[in-house]
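Trainee: So that we are looking at the same thing, I have put the structure below in structure tokens.
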2 protein chains.
Amino acid sequence: MPLADDARWMAAAAALAERARPLASPNPGVGAIIVKDGVVFGRGWTMAGGRPHAEAVALDHAGSAATGATLYVTLEPCAHKSQRGPACADLVSEAGLARVVIGMDDPDPRTAGSGTARLQDAGAEVTLLHWEPHRLGLSGHAAHLAKSRPHVTLKLAMSLDGCIATSSGESQWITGEASRAHGHRERARADAILVGGGTLRADAPRLDVRLAGLEGRSPCRVALTSGEVPEGWQAIRSPQEITALDGVRYLMVEGGAQTASAFLAAKLVDRLLIYRAPVLLGGGTPAIGNIGHDTLEAAFADGLAMQDRRTLGSDTLEVYQRG
Amino acid sequence: MPLADDARWMAAAAALAERARPLASPNPGVGAIIVKDGVVFGRGWTMAGGRPHAEAVALDHAGSAATGATLYVTLEPCAHKSQRGPACADLVSEAGLARVVIGMDDPDPRTAGSGTARLQDAGAEVTLLHWEPHRLGLSGHAAHLAKSRPHVTLKLAMSLDGCIATSSGESQWITGEASRAHGHRERARADAILVGGGTLRADAPRLDVRLAGLEGRSPCRVALTSGEVPEGWQAIRSPQEITALDGVRYLMVEGGAQTASAFLAAKLVDRLLIYRAPVLLGGGTPAIGNIGHDTLEAAFADGLAMQDRRTLGSDTLEVYQRG
């Protein structure tokens, strides 16, 4: 029986969960808030390396105020003890919470449903909201467990007419400074960044995070190529080989056009970032090539839905989620 | 000395001016509001066929309340008498308004400054806001007098990656019903619609307004072609020949890609409507071809600035104004 406020508190917990990414990786970045009579007594998110868990941080924060309160947690509390700490379902049960509201059940077989059962056995009222993973910042966790692959974000920067270079090949910079800074922030939240072999050879991109204070967050670098890669890079020969990227939950694909098209054609793009500059290039290099969408029906079957749109300087960022 | 409220009242007058279009054409569609102590006593817009003028309607509406009030009018009141009515500058002077706020001065040589002078001679305080014509709904009037050509809107409907058809040529319908209805509303506000010869032969478009109650507003039809056109159509052989379209103040260019490119390359697009569907086509037909933008510098020199953005069903409409 979800209450009117549940969505608001769960969104707040999801916002906290963002702080866990990517430091908690490959563990899921979870957010938790403890509320009583509309007042927040504790909050937490998964710490670097994956422990302590969000619930443990929030309970520690709330202390005895947790008794009789409501816990909002983005993911079902874990039911498995580990050498690194007790099961959260036990911790939460002992704290005497009156109610636990969960964003989504954990597909991890070690928890899947048993976390919830243990809370109910301890007398807590449990509400499962069944939110989609992307609304909870758990897309990477869900993709890992359901598809044994990372969650993939494709970044495209283009003109109004879908070009990434002029007819003479000029491409730097189509989008402005604010878009590029936003792109670096997205990099800082990825576990790995991927470019194609052509981009690697032509641009020798650094693919690091050039934002003050976040330089240490530069993700690992991957190339889609059958050729050689520089030291510190990994190579995969097809988009399907992303399953082999160990410990990578969030992969950002940055181009070029051929690589973008390969991932789109393989239906391996979960989220699309389009940074668009207010300019028409006309007859330039298209942002993507053939992706197997011969008919409009096939194209619309991707089910892209706009999730966010914002103005970045003179540019526009649109974020699409695949249905 | 513009006051804080002036912008608000002028925007309201500009909204009224919208009602004049296209019925007042080829006369400029003007809006007028008479305000005293924050209360509106009269409002008007240019009537069908161009008379009465907006000021005359608003003054008639206000009656004796106009004395000592402020008139907001989008365009400088006319200074020339005609067989169809007295000069608005005289009418306004006689009504004893304390203040007249004007959106832009009229480039028409019969008025240019003399309307304002006559108001000042009659003792009114005159404030000229110098707004840009597009903010006042006077783009067509300004283009006609400054460039001896209609104001041109280019409409493009495309996918996220800038395509207007799939790789197999399928193009109906990329955008949804709400976008198409909005496109018909834009048609209803144009004096003429233009398509290329290819589109004319391939689609035999009706180019009429298919919105209930607005069927009578279907604009005249023009083709960019060196070939024959059906009865009721006009033909021009180059974008530059739009100067010969008699009485047309607002021209809407609807495509196809070659026609859109010809107008863009000729720098004859003042306003750009992009209806974008949430779909990637990949390797389809580009919305525009080469428009002479070999360098990014040349492309950005167009100075496109976003004027409006709205959601239409699943689609997005972006409106750009050329700088």
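The values are calculated or read from the model by the stated rules, or taken from the named source; none is laboratory data. The model shown is predicted, which means the values in this text are computed figures rather than measured ones. With ideal geometry, Cβ positions are generated from the backbone for all residues, glycine too; neighbour counts draw on all protein chains shown. These area figures cover heavy atoms from the full protein model, side chains too; ligands, DNA and RNA do not enter into them. Shrake-Rupley method; radii C 1.70, N 1.55, O 1.52, S 1.80 Å.
Trainee: Condition test on A:ALA257, is it more than 9 Å from every other protein chain (Cβ to nearest Cβ) and open to solvent by less than 30 Å² (accessible area, probe 1.4 Å)? Working first, answer last.
Mentor: On the way: more than 9 Å from every other protein chain (Cβ to nearest Cβ): yes; open to solvent by less than 30 Å² (accessible area, probe 1.4 Å): yes.
So A:ALA257 fits the description; yes.
Trainee: Step by step: first the residues of the range A:184-209, then only those that are touching a Leu at 6+ places or on another chain (Cβ under 8 Å) and outside any strand (DSSP E or B), then the one that is farthest from A:ALA235 (Cα to Cα). Which residue is that? Break it down into steps so the answer makes sense when it comes.
Mentor: So the first thing to find is which residues in the range A:184-209 are touching a Leu at 6+ places or on another chain (Cβ under 8 Å), and the list is A:184-188, A:190-197.
Among the residues that remain, those that are also outside any strand (DSSP E or B) are: A:184-188, A:190-191, A:197.
Working: A:HIS184: 22, A:ARG185: 24, A:GLU186: 22, A:ARG187: 18, A:ALA188: 21, A:ALA190: 17, A:ASP191: 15, A:GLY197: 9 Å.
Within the range A:184-209, the match that is farthest from A:ALA235 (Cα to Cα) is A:ARG185.
A quick yes/no check of all residues on (1) of a type in the set (Val, Ile, Thr); (2) open to solvent by 10 Å² or more (accessible area, probe 1.4 Å); (3) more than 9 Å from chain B (Cβ to nearest Cβ):
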{"position": "A:ALA287", "(1), (2), (3)": "no, no, no"}
{"position": "A:GLY292", "(1), (2), (3)": "no, yes, no"}
{"position": "A:ALA299", "(1), (2), (3)": "no, no, no"}
{"position": "A:ARG309", "(1), (2), (3)": "no, yes, no"}
{"position": "A:GLU318", "(1), (2), (3)": "no, no, no"}
{"position": "A:GLY323", "(1), (2), (3)": "no, yes, yes"}
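Trainee: Restricting attention to the range A:53-108, and to residues there that are within 29 Å of A:ALA146 (Cα to Cα), of a type in the set (Val, Ile, Thr) and modelled with pLDDT of 95 or more, which single residue is most open to solvent (accessible area, probe 1.4 Å)? Show your work before the answer.
Mentor: First pass over the range A:53-108, keeping only residues within 29 Å of A:ALA146 (Cα to Cα): A:53-58, A:71-93, A:99-108.
Subsequent filtering for residues that are of a type in the set (Val, Ile, Thr) retains A:57, A:73-74, A:92, A:100-102.
Keeping just the survivors that are modelled with pLDDT of 95 or more gives A:57, A:73-74, A:100-102.
Details: A:VAL57: 40, A:VAL73: 0, A:THR74: 0, A:VAL100: 0, A:VAL101: 0, A:ILE102: 0 Å².
Filtering the range A:53-108 for residues that are within 29 Å of A:ALA146 (Cα to Cα), of a type in the set (Val, Ile, Thr) and modelled with pLDDT of 95 or more, the one most open to solvent (accessible area, probe 1.4 Å) comes out as A:VAL57.
Trainee: Could you please let me know if B:ALA12 is open to solvent by 10 Å² or more (accessible area, probe 1.4 Å), of a type outside the set (S, T, N, Q), within 19 Å of B:LEU97 (Cβ to Cβ) and in contact with a helix residue (DSSP H, G or I) (Cβ under 8 Å, 6 or more places away or on another chain)? So that I can check it myself, show each step before the final result.
Mentor: Working: open to solvent by 10 Å² or more (accessible area, probe 1.4 Å): yes; of a type outside the set (S, T, N, Q): yes; within 19 Å of B:LEU97 (Cβ to Cβ): yes; in contact with a helix residue (DSSP H, G or I) (Cβ under 8 Å, 6 or more places away or on another chain): no.
In short, no.
Trainee: Report whether or not B:ALA212 is surrounded by fewer than 18 Cβ atoms within 10 Å (Cβ to Cβ), at pLDDT below 95 and under 28 Å from A:GLY283 (Cβ atoms). So that I can check it myself, show each step before the final result.
Mentor: On the way: surrounded by fewer than 18 Cβ atoms within 10 Å (Cβ to Cβ): yes; at pLDDT below 95: yes; under 28 Å from A:GLY283 (Cβ atoms): no.
Spelling it out, it is not the case that B:ALA212 is surrounded by fewer than 18 Cβ atoms within 10 Å (Cβ to Cβ), at pLDDT below 95 and under 28 Å from A:GLY283 (Cβ atoms).
Trainee: Out of the residues in the range B:31-52 meeting the condition of being within 14 Å of B:ARG99 (Cα to Cα) and in a loop (DSSP other than H, G, I, E, B), tell me which one is least open to solvent (accessible area, probe 1.4 Å).
Mentor: B:GLY38
Trainee: Next up: List the number of the failed condition for B:ALA235; all other conditions in (1) without any contact (Cβ under 8 Å) to a residue 60 or more places away in the chain; (2) in a loop (DSSP other than H, G, I, E, B) hold.
Mentor: In the conditions (1) without any contact (Cβ under 8 Å) to a residue 60 or more places away in the chain; (2) in a loop (DSSP other than H, G, I, E, B), B:ALA235 misses (2) alone.
Trainee: Let me ask you something else. Could you run through the range A:274-285 and say how many residues are open to solvent by less than 40 Å² (accessible area, probe 1.4 Å) and more than 7 Å from chain B (Cβ to nearest Cβ)?
Mentor: 4
Trainee: Find the residue count for the range A:145-170, including only residues that are surrounded by fewer than 20 Cβ atoms within 10 Å (Cβ to Cβ) and either under 30 Å from A:PRO107 (Cβ atoms) or touching a helix residue (DSSP H, G or I) at 6+ places or on another chain (Cβ under 8 Å) (or both). So that I can check it myself, show each step before the final result.
Mentor: Filtering the range A:145-170 for residues surrounded by fewer than 20 Cβ atoms within 10 Å (Cβ to Cβ) gives A:145-148, A:167-170.
Keeping just the survivors that are either under 30 Å from A:PRO107 (Cβ atoms) or touching a helix residue (DSSP H, G or I) at 6+ places or on another chain (Cβ under 8 Å) (or both) gives A:145-148, A:170.
Looking only at that region, the number is 5.
Trainee: Then there is this: Just a yes or no: is a residue in the range A:112-125 open to solvent by less than 50 Å² (accessible area, probe 1.4 Å) and within 27 Å of A:ALA244 (Cβ to Cβ)?
Mentor: For the range A:112-125, residues open to solvent by less than 50 Å² (accessible area, probe 1.4 Å) and within 27 Å of A:ALA244 (Cβ to Cβ): absent.
Trainee: Any idea how many residues of the range A:143-174 are within 11 Å of another protein chain (Cβ to nearest Cβ), part of a loop (DSSP other than H, G, I, E, B) and touching a residue at least 40 places away in the same chain (Cβ under 8 Å)? Outline the logic, then answer.
Mentor: First pass over the range A:143-174, keeping only residues within 11 Å of another protein chain (Cβ to nearest Cβ): A:154, A:156, A:158-174.
Narrowing further to those that are part of a loop (DSSP other than H, G, I, E, B): A:159-162, A:166-174.
Cutting the leftovers down to touching a residue at least 40 places away in the same chain (Cβ under 8 Å) gives us A:159-162, A:166-167, A:169, A:171, A:174.
Final tally of qualifying residues: 9.
Trainee: Looking at (1) of a type in the set (Asp, Glu); (2) closer than 29 Å to B:ALA146 by Cα; (3) without any contact (Cβ under 8 Å) to a residue 24 or more places away in the chain, find the lone condition where B:GLU18 falls short.
Mentor: Answer for B:GLU18: the failing condition is (3).
Trainee: Give A:THR316, A:THR285 a once-over and let me know the one that is over 23 Å from B:SER314 (Cβ atoms) and either β-branched (Val, Ile, Thr) or touching a His at 6+ places or on another chain (Cβ under 7 Å) (or both).
Mentor: Numbers: A:THR316 fails: over 23 Å from B:SER314 (Cβ atoms).
Selected residue: A:THR285, the only one of A:THR316, A:THR285 that is over 23 Å from B:SER314 (Cβ atoms) and either β-branched (Val, Ile, Thr) or touching a His at 6+ places or on another chain (Cβ under 7 Å) (or both).
Trainee: If I ask for residues that are assigned to a helix (DSSP H, G or I) and not small (Gly, Ala, Ser), which ones from the range B:254-283 would you list? It would help to see each step written out before you state the result.
Mentor: Looking only at the range B:254-283, we keep the residues that are assigned to a helix (DSSP H, G or I), and these are B:257-265.
Across the range B:254-283, the qualifying residues are B:GLN258, B:THR259, B:PHE263, B:LEU264.
Trainee: Shifting gears a bit: If B:HIS80 satisfies every condition in (1) assigned to a loop (DSSP other than H, G, I, E, B); (2) touching a helix residue (DSSP H, G or I) at 6+ places or on another chain (Cβ under 8 Å) but one, which is the exception?
Mentor: Only one criterion in (1) assigned to a loop (DSSP other than H, G, I, E, B); (2) touching a helix residue (DSSP H, G or I) at 6+ places or on another chain (Cβ under 8 Å) is unmet by B:HIS80, namely (2).
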